[in-house]
Amino acid sequence: MIEKNRMTVNQPPAGTAVFLIGMRVNKPWRLHEWLAVFFAMPRMLAHLARHPEAGLLCYDVYAGRNMIVVSYWSSAEALRTFASNPRAPHAGAWRRFNKRLAGTGSVGIWHETYVIGEHEAVYGGMPPFGLGKAVGTRPISGETATAKQRLAAST
């Protein structure tokens, strides 16, 4: 549902983490190599959808030469626990990547993890999105009218 009002985020619980992960196809003609990496992420996201106790709050996927998943987690520790869980799909996919593709240059992978501290967000004419989708939103009011006020309220 599109929210017509200007909105900002609810205060995220302490330790909420933002995780960015992506892949870059460097050698498109090596389809058999990078396609395995491409299909690993949907399997992980499907697993996490079936296991909300793992700590994934929400995510969005962006496609192009650089594929990117922006995700929000209850904590960086929950993310690390998922990544190292031998019963979850990440650990095996990571081992296979390192064994078969690391160093080939066919596909690049990357990730960044941020634990939310000071933050500021504004949404206008948007459905729930990003951090607001993860932790909820509230209307912007007098005490949150400016970016400076929203940043000050986040500490």
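Condition check ((1) in contact with a helix residue (DSSP H, G or I) (Cβ under 8 Å, 6 or more places away or on another chain); (2) surrounded by 12 or more Cβ atoms within 10 Å (Cβ to Cβ); (3) not in a helix (DSSP H, G or I)) across all residues:
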site: Thr8; (1), (2), (3): yes, yes, yes
site: Ala14; (1), (2), (3): no, no, yes
site: Ile21; (1), (2), (3): yes, yes, yes
site: Trp34; (1), (2), (3): no, yes, no
site: Met41; (1), (2), (3): no, yes, no
site: Leu45; (1), (2), (3): no, yes, no
site: Ala49; (1), (2), (3): no, no, no
site: Glu53; (1), (2), (3): no, no, no
site: Tyr59; (1), (2), (3): yes, yes, yes
Can you pull out the residues in segment 76-91 that are within 10 Å of Gly55 (Cα to Cα) and in contact with a helix residue (DSSP H, G or I) (Cβ under 6 Å, 6 or more places away or on another chain)? Phe82
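Would you tally the residues in segment 121-150 being loosely packed, with under 14 Cβ neighbours inside 10 Å and either within 18 Å of the chain's Cα centre (by Cα) or free of Cβ contacts under 8 Å to residues at least 40 places away in the same chain (or both)?
Pass one, segment 121-150, residues loosely packed, with under 14 Cβ neighbours inside 10 Å: 124-125, 127, 136, 138-139, 141-143, 145-148.
Restricting the remaining residues to those that are either within 18 Å of the chain's Cα centre (by Cα) or free of Cβ contacts under 8 Å to residues at least 40 places away in the same chain (or both) gives 127, 136, 141-143, 145-148.
Qualifying residue count, segment 121-150: 9.
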Mind checking whether some residue in segment 50-59 is within 15 Å of the chain's Cα centre (by Cα) and free of Cβ contacts under 8 Å to residues at least 12 places away in the same chain? yes
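Residues in segment 23-32 that are in contact with a Phe, Trp or Tyr (Cβ under 9 Å, 6 or more places away or on another chain) and either part of a loop (DSSP other than H, G, I, E, B) or not aliphatic (A, V, I, L, M) (or both): how many? Break it down stepwise before answering.
Going through segment 23-32, the residues in contact with a Phe, Trp or Tyr (Cβ under 9 Å, 6 or more places away or on another chain) turn out to be 23-28.
Next cut, either part of a loop (DSSP other than H, G, I, E, B) or not aliphatic (A, V, I, L, M) (or both) only: 24, 26-28.
Within segment 23-32, residues that are in contact with a Phe, Trp or Tyr (Cβ under 9 Å, 6 or more places away or on another chain) and either part of a loop (DSSP other than H, G, I, E, B) or not aliphatic (A, V, I, L, M) (or both) number 4.
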Starting from segment 10-36, take each residue that is touching a residue at least 24 places away in the same chain (Cβ under 8 Å) and under 25 Å from Arg65 (Cα atoms) and list its partners that are β-branched (Val, Ile, Thr) and part of a helix (DSSP H, G or I), counting only C-beta distances under 8 angstrom and pairs at least six apart or across chains. Met23/Val37
Qualifying positions in segment 96-120 - part of a loop (DSSP other than H, G, I, E, B) and buried (at least 17 other Cβ atoms within 10 Å of the Cβ): Leu101, Ser106, Ile116, His119, Glu120
Please find, among Arg96, Arg43, Arg87, the residue that is of a type outside the set (Asp, Glu), outside the structural domain of Pro139 (by TED's automatic domain parsing), free of Cβ contacts under 8 Å to residues at least 24 places away in the same chain and out of contact with any Cys (no Cβ under 8 Å at 6 or more places or on another chain). Arg87
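The values are calculated or read from the model by the stated rules, or taken from the named source; none is laboratory data. All values reported here derive from a predicted model rather than from experimental measurement. In this analysis, Cβ positions are derived from the backbone assuming ideal geometry, glycine residues included, and neighbour counts consider all displayed protein chains.
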